[in-house]
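Colleague: Pasting a structure below so you can have a look.
The values are calculated or read from the model by the stated rules, or taken from the named source; none is laboratory data. Since this is a predicted model, take the numbers as computed values, not measurements. Virtual Cβ from ideal backbone geometry, glycine too; neighbours counted across all protein chains shown. Side chains are part of the model used for accessible areas, which takes the heavy atoms of the whole protein and leaves out ligands, DNA and RNA. Shrake-Rupley method; radii C 1.70, N 1.55, O 1.52, S 1.80 Å.
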Amino acid sequence: MPGVEFMRFFLLIICINFIGCAQNTDEAPNEAELIEYFNQNQSGLEKLKEMIAIDSREHDYFEIRDGRIGKYELTEKGWSKSYGQYVPFSVVSGTYLLTSSRYDEYIQLFKTTKATAVEYYTGNVSISIFSAGFVFGGCSSEIIFHPEKLNLSRPSWATTYHQVHFNDNWGGITQCN
């Protein structure tokens, strides 16, 4: 019966999500681990913050990760902002005024700090250090810089939430759903 097979499949997906979410929660950094991470990587995090603030230039939002600069993503065929429309790195670097050596500097800092991305949004900087999960559940951890006093609060959707303030401007969060 097709209905029974669909229900089995649906229940299997639900179980996988719950098991995956529980595992992600266990692996995600807690307050003590966020503090340890920040203390061990503070100079690299400061450097990422300074670099993204300079390189964002006139953009309200700007993101860099391995294989992504702003709205461009690196594929096997080249850099692409729209699926199927590939451009050379010179177009990306011209759009964001970012040299290949500067991009390599980001990638090297990601490796040394084990960060995966840095985002700039109107003066605020978020550095991703952990993410895992599925579409319906997962965890992420970030180190956050706010140019004014940082205010952290638990989102209503977060089933697990850890936060720590390192000083008035820097903090760390882990949030899972």
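Colleague: May I ask you to evaluate 6.51 cos²θ - 1.76 cosθ + 1.60, the Karplus curve with θ = phi - 60°, for each residue of the stretch 96-102 and list the ³J(HN,Hα) values in order in whole Hz, giving x for glycine and proline?
Modeller: Here the 3J(HN,Hα) series is 10, 6, 10, 6, 5, 5, 5 Hz.
Colleague: While we're here: Got a number for the accessible area of Arg65? Probe 1.4 Å, square angstrom, nearest 10.
Modeller: Accessible area, nearest 10 Å²: 80 Å².
Colleague: How much solvent-accessible surface does Trp170 expose, in Å² to the nearest 10, with a 1.4 Å probe and all protein chains in place?
Modeller: The accessible area comes out at roughly 10 Å².
Colleague: Continuing with the same structure: Using the heavy atoms of the protein chains and a 1.4 angstrom probe, tell me the accessible area per residue for the stretch 103-177 in square angstrom.
Modeller: 51 Å²
Colleague: Then there's this: Taking all protein chains as present, what is the carbon and sulfur share of the accessible area of the stretch 33-177, in % to the nearest whole number, probe 1.4 Å?
Modeller: That fraction is 49 percent.
Colleague: Please list, in chain and number order, the residues 5+ apart from Leu150 or on another chain whose amide H is under 5 Å from its amide H, with Hs placed from the backbone.
Modeller: Counting only residues 5 or more places away or on other chains, the set is Asn169.
Colleague: Whole-Hz ³J(HN,Hα) for each residue in the stretch 168-175, computed from phi via Karplus 6.51 cos²θ - 1.76 cosθ + 1.60 with θ = phi - 60°, x for glycine and proline: what do you get?
Modeller: 5, 10, 10, x, x, 9, 10, 9
Colleague: Follow-up question, since we're still on this one. For the stretch 30-97, what is the per residue volume of the convex hull drawn over the alpha-carbon atoms, in cubic angstrom?
Modeller: About 126 Å³ per residue, rounded to a whole number.
Colleague: At 7 Å along Cα-to-Cβ for each site, give me the label-to-label distance between Ala158 and Glu73 in nm.
Modeller: 2.6 nm
Colleague: Count neighbours as other Cβ atoms within 10 Å of each site's Cβ, and list the GluC sites (Glu not before Pro) in the stretch 113-149 that are DSSP loop with at most 15 such neighbours.
Modeller: Glu148
Colleague: Excluding residues fewer than 8 places away in the same chain, name every one of the lysines whose C-alpha is closer than 25 Å to that of Lys149.
Modeller: Candidates past the 8-residue exclusion: Lys47, Lys49.
Colleague: Given a 1.4 Å probe, how much area per residue of the stretch 21-98 is accessible, in Å²?
Modeller: Value for the stretch 21-98: 60 Å² per residue.
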